[in-house]
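The next block holds one structure in the form of structure tokens; read it before the comments.
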Amino acid sequence: MATPLPAEDASTGAFRFSVAYFLAALVLLYVTAPFVQSVRNGILIEAVLMTLVLLSAVLAVSGRRRTLVWAMVFAVPALVEKWVNYWQPDLLPPQASLWTGLAFIGFIVLRLLGFILRAPRVNSEILCAGVATYLLLGLLWAFAYRLVDRLVPDSFAFTVGPPSSRSLEGFNSLYFSITTLATSGYGDIVPVSGLARMLAMTESVAGLLYVALLIARLVALYSSQGLANDANPPVELDCNPVEVLAESSESPPGSSRIPD
């Protein structure tokens, strides 16, 4: 099993931090999302957590310098617009940070998928990458739902809850995205417009296909790894190597002898 330490790309010498750190940042964002809105300076805490997720994502995929450059190209605008939106909410359109966030998350998802598909064996990094990609898909569609809600008003209907909470801002978008990704929607948030329904439909299909393909890939890697180990079983010699050589020299030509 791989340990969560920085890994070095042999071809470039660039360092890539473990995907486990990125997964931990994602889990922290998910766990704290329901509570940050109700505490003081919740918007600041949410911005800090999102920054942590973005930076850890860049470090997780930056095994090659070219990949690091592209990751920074997508990450820097997302970070700048996130903090500009916090300090000066009226300076940029509210949709700007969502567009840059979508582009960055899409790039990270593609890099992690490539990492999983090209992996020669199953280890802790592959498992962490698989879980992180699934959580990223939920975050990706959460950004898309918030963007649709702003571009097309009344795209979502709320059947329960007070009127003040009937908005896809903050945790509601993440909640709706995860329940849709896991195909366990409860009917408290319903897509109404055609664009919103199309997004919900594609997310449900993507969630089902991703889990099926990920399991198939992990089983194939584990099976090939087991076959490779069985093809080269370790040989233990319990006798003196000198005696083995002597016995093999006394054996008639064409015969073979395996020491007990």
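The values are calculated or read from the model by the stated rules, or taken from the named source; none is laboratory data. Please read these numbers as outputs of a predicted model, since none were measured by experiment. So basically every Cβ, Gly included, is an ideal-geometry build from the backbone, and we count neighbours across all protein chains shown. For the accessible areas, the whole protein counts, side chains as well, though only heavy atoms, and no ligand, DNA or RNA atoms are used. Shrake-Rupley method; radii C 1.70, N 1.55, O 1.52, S 1.80 Å.
Observations on the structure shown:
- Only Lys, Arg, Asp and Glu carry charge here, each on its Cβ (+1 for the first two, -1 for the last two); on that basis segment 50-148 has a dipole of about 420 debye about its Cα centre.
- Each peptide in 125-137, 191-203, 209-221 was scored by the mean count of other Cβ atoms within 10 Å over its residues; highest first, the order is 125-137, 191-203, 209-221.
- Evaluated at q = 0.24 Å⁻¹: base-10 log I(q)/I(0), Debye formula over Cα of segment 103-221: -1.35
- Accessible surface of segment 98-178, 1.4 Å probe, proportion on carbon and sulfur as whole %: 69 percent
- Taking the Cα centre of segment 84-224 as origin and assigning +1 to Lys and Arg Cβ atoms and -1 to Asp and Glu Cβ atoms, the resulting dipole is close to 460 debye.
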